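The values are calculated or read from the model by the stated rules, or taken from the named source; none is laboratory data. Model, not experiment: these values are computed from the prediction. Cβ placement follows ideal geometry from the backbone for every residue including glycine, while neighbour counts extend to all protein chains displayed. Areas reflect the complete protein model, heavy atoms only, side chains present, ligands, DNA and RNA absent. Shrake-Rupley method; radii C 1.70, N 1.55, O 1.52, S 1.80 Å.
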Amino acid sequence: QLQLAESGGDLVQPGGSLRLSCAASGDILDSYAINWFRQAPGRKEREGVACLIPSDGSKWYSPSAKDRFTISRDNPKGTVYLEMNSLKPEDTAIYYCTAAKGTGYQLFRLCVSGVPEDFDSWGQGTQVVVSS
């Protein structure tokens, strides 16, 4: 099973940028869908913001993340990144890197549906605060 560890969370002013990192180990990334979820303060639900299928490079973004966030992979390091630009106070949340194993169409469905319970590998989370 994949082990995941996030880093890069910080306090940033509105309009600023951050890059979150997710270091993966224990298995081959190409067998997984990698999804960044976030949980805002006081909210129970976790929102999927960006998903990547490393085997073919396919990416999905939530409407709130589209055009501002970019998910990418560093092949040699086995690290997945979430580049966040034009940050807003409503982006304040704990951000989790997650993974779900599958093949072909399964991975496509995992990213498109973005259901947290479908992702069984989770990192510890990294805190992002957007505030002036």
inquiry  = Given points 7 Å out from each Cα along the Cα-Cβ axis, report the residue 112 to residue 88 separation in nanometres with one decimal.
reply    = 2.7
task = Express in whole angstrom the spacing between the alpha-carbon centres of the range 92-132 and the range 56-75.
result = 12
query = What's the extension gain from residue 43 to residue 3 if we count 0.36 nm per residue and subtract their Cα-Cα distance?
reply = 11.8 nm
request  = Considering the options 32, 63, 119, tell which one lies farthest towards the positive end of the dipole of the range 1-129, charges being +1 on Lys and Arg and -1 on Asp and Glu at the Cβ, about the Cα centre.
outcome  = 63
message = With an 8 Å Cα cut-off and a minimum separation of 6 or more residues, compute the relative contact order for the range 18-116 in percent.
response = 38
query = Which value, in debye to the nearest 20, describes the size of the charge dipole of the chain about its Cα centre when Lys and Arg Cβ atoms bear +1, Asp and Glu Cβ atoms bear -1, and nothing else is charged?
reply = 180
message = Cut-off under 16 Å on the C-alpha distance; same-chain residues fewer than 8 positions from residue 44 excluded. Which aspartates and glutamates are left, in chain and number order?
response = 90, 91, 117
message = Per q in 0.10 Å⁻¹, report the Debye log10 I(q)/I(0) for the chain, using one uniform scatterer on each alpha carbon and no solvent.
response = -0.27
remark   = In whole Å, largest first, the alpha carbons of the range 31-77 cover along the principal axes 37, 22, 16
task = Send over a whole-number figure in Å² for the accessible area per residue of the chain, probe 1.4 Å.
result = 50
